[in-house]
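Participant: Below you will find the structure I want to go over with you.
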């Protein structure tokens, strides 16, 4: 297969965070998959040898120095070379000049990525302020030229594109974590080299400029030096503020205690000598140096202006960068503990969090491939989600949130929604809600164009607005946009929502061009309702995003049930006879006997944390009025749907127990991820007769499927189905 050709814009003459980011990724991605070339405005752009080894570099004049020659040369470049590339990757800090994106669009480069690396302007000079005005003026038209938005954090994405009308993906500032693994021998060598053997070393790595706030750091260190004579400050980096900082160090009488080491290519080695890492930035996209310091096992003190994603270990403290005495006191507290502290090995922790370059580079290559593959399907993709505000429905909230998360990774921009899911109050509240719904749909109608795709999380809330949604679907389809729905529930089958829900399921849902359903049985049900088979895609299971670790599982007479514990929803639980099984119950609404010693009530936890808390050898997926069969409305609904609690248990690495007539029963049998029973009262006997190796096989299957759900593979596959099917 021919490799993807990517043109990288944004390399400057400075060895800074963006340049390090680009070189780290571009040098690690397999050139058989993705090949990089560079377009820069600097003859002396950073890392010339590395760039030469990676690909070709093209140099054009700077617009500020010779605008006539700049426009002539850049137009000539895209006229001669534009057809060679599949992707333009624009990494400039601000989009005050969108010429590369515009010319790439005119040249027919199908994928044009605007990548934001900062949440605000770094340059506070008069010229920088002028550029910021241009950026703020032009960024609302970013979606006219770019096809995707990448950013190092959510704040950086908002800075580049406030209306968020582009599909946004957060790209981690990955590092070579292994290179920073602590080495006592190297630590001693560096400390001896710089005469730091008996010192307490505060380290800082950054470009020397306004954003990084090193003037404040010198003030804080001067206060620290008064309290602790052994303290030393090591600053690694260069920039426009170097001379001013050197003068300030003399004025503060700490010049002999501060080492300015300049730009270095041995930062992992130097960090071994530090005892503490500090970063008092005025703002940050993420803070790659902070991640490197944590990989080196260092405690960190960071400005509270930095995103919280910068903290991946427990040894990180956030402080406002406004009082040097507070920073000095905190630095002293941390340094005094170092004599009793064993440097932790955080490499695995940083890597597992997604910041290790090996796995991150592979994911980035896959994103390039995904964007190029999808560029032929739809011009833009949007996801409409009405927030769920009702209490007692964490599964509904979690499922919709995860669809938003994984759809964003697949290139779906969030459609702006201001209306709530229901009205609270009298006629005026209902009128205001109806007006908000109408405004949301009208905004969508004006946004969507020919060859765009709108994906809607279904049911559409408020349910009584289904008639308006049906009319607006017709209007956006008339404009040439395609529509799709991902079904979370068919409320008419659960006897929820009354006539409005029945009308929605029978009239609104079939109006979508494509529909993603839970299971094959739900697909068959809709076919029987008149929906053409080719318009339906099967999800099978809902994905489940969680950072929680999968607990180890062992066979025991303990099981788990998580969900709504009310009698009208989990009536079977109230009818469950007392056995030798211990039940761990998570959820709200239990009104049964509190004297039952076989039931342990754990209350509630956040859906993200829950997979790491569940105890027991099996997770029970059951609904209805009795443990002996799936009776009642909810029991019958199990014959069509894929319960979200099934995904929860698998994300926890826990084998499951399902009803043998449930829609997911065949899947559980095929994967071997649990037990299939027709009578839940048989569960104690089945567990007692089970062998350890049988259970271990189920655990392996559950963990394997759970890891797939954690990465969003089910949704991404279903989205690929509806997108490519829609081409026909």
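Participant: Helix-derived [θ] at 222 nm for the chain: sum -39500 (n - 2.57) over DSSP H runs of at least 4, divide by residue count, nearest 500? Let's see the in-between values first.
Facilitator: Working: 27 runs with 277 residues, N = 728.
-11500 deg cm²/dmol, from helical runs alone.
Participant: I've got another one for you. When a/c is below 1.5 the answer is rounded, else prolate if a/b is larger than b/c, else oblate, so apply that to the range 378-538 with a ≥ b ≥ c taken from the square roots of the Cα gyration tensor eigenvalues. Show your work: numbers first, answer last.
Facilitator: On the way: a/c = 1.35, a/b = 1.09, b/c = 1.24.
The shape class here is rounded.
Participant: Cβ neighbours within 10 Å, averaged per peptide: list 632-641, 422-431 in order, most packed at the top.
Facilitator: Result, highest mean first: 632-641, 422-431.
Participant: May I pose another question? Would you mind computing, in nm to one decimal, how far apart the modelled labels at residue 628 and residue 226 are, each placed 7 Å from Cα along Cα→Cβ?
Facilitator: Result: 8.2 nm between the two label points.
Participant: Which FRET efficiency, nearest 0.05, do residue 532 and residue 636 yield, Cβ-Cβ r, R0 30 Å?
Facilitator: Working: r = 25 Å, r/R0 = 0.85.
Result of the calculation: an efficiency of 0.75.
Participant: Any idea how far apart residue 59 and residue 140 come out in nm if each label point goes 7 Å out from Cα toward Cβ?
Facilitator: For residue 59 paired with residue 140, the spin-label model returns 3.9 nm.
Participant: Here's a follow-up. Given labels modelled 7 Å from the Cα in the Cβ direction, how far is it in nm from residue 670 to residue 261?
Facilitator: Output for this residue pair reads 5.6 nm.
Participant: What is the Cα radius of gyration of the range 558-711 over 2.2 N^0.38 Å, N being its residue count? Intermediate results must be reported in sequence, preceding the final value.
Facilitator: Details: Rg = 14.3 Å, N = 154, 2.2 N^0.38 = 14.9 Å.
Scaled against compact globular proteins, the figure is 0.96.
Participant: Another question about this same structure. Residue 477 to residue 438: FRET efficiency via 1/(1 + (r/R0)^6), r the Cβ-Cβ distance, R0 22 Å, to the nearest 0.05? Provide the component values of the computation, followed by the final result.
Facilitator: Details: r = 18 Å, r/R0 = 0.83.
So the FRET efficiency works out to roughly 0.75.
Participant: On to the next question. Compute the helix-to-body angle for 713-725: its Cα long axis versus the longest principal axis of the chain, expressed 0 to 90° and rounded to tens.
Facilitator: Taking Cα atoms only, the helix is inclined about 80 degrees.
Participant: Note the full-extension length gain between residue 600 and residue 467 as 0.36 nm times their separation in residues minus their Cα-Cα distance, in nm to one decimal. Don't skip to the end; give the middle numbers.
Facilitator: Working: separation 133, 0.36 × 133 = 47.88 nm, distance 4.55 nm.
Fully extending the segment from residue 600 to residue 467 adds 43.3 nm.
Participant: If you average the C-alpha positions of the range 224-261 and of the range 132-185 separately, how far apart do those two centres end up, in angstrom?
Facilitator: Computed from Cα coordinates, the inter-centre distance equals 32 Å.
Participant: Classify the chain from the C-alpha gyration tensor, please: rounded if a/c falls under 1.5, else prolate or oblate depending on whether a/b exceeds b/c.
Facilitator: Numbers: a/c = 2.13, a/b = 1.39, b/c = 1.53.
It comes out oblate by the Cα gyration axes.
Participant: Now a separate question. Report the extension gain between residue 43 and residue 691 in nm, rounded to one decimal, defined as 0.36 nm multiplied by the number of residues separating them, less their alpha carbon distance.
Facilitator: Values: separation 648, 0.36 × 648 = 233.28 nm, distance 6.94 nm.
Full-extension gain reported as 226.3 nm.
Participant: Report, in degrees rounded to the nearest 10, the 0 to 90 angle that the Cα long axis of helix 357-374 makes with the longest principal axis of the chain.
Facilitator: Approximately 60 degrees, to the nearest ten.
Participant: Length gain on complete extension for the stretch residue 102 to residue 359, per 0.36 nm per residue less the alpha carbon to alpha carbon distance? Could the numbers behind the result be given before it?
Facilitator: On the way: separation 257, 0.36 × 257 = 92.52 nm, distance 3.21 nm.
Taking 0.36 nm per residue and subtracting the Cα distance, the gain is 89.3 nm.
Participant: How would you classify the range 631-728 from its alpha-carbon gyration tensor, with a ≥ b ≥ c the square roots of the eigenvalues: rounded for a/c under 1.5, else prolate if a/b is greater than b/c, otherwise oblate?
Facilitator: Values: a/c = 2.77, a/b = 1.49, b/c = 1.85.
The shape class here is oblate.
We did not get these values from a lab; they are worked out from the coordinates using the rules stated. As the structure is a prediction and not an experimental result, all values here were calculated from the model. Cβ atoms come from the backbone with ideal geometry, glycine included; neighbour counts cover every protein chain shown.
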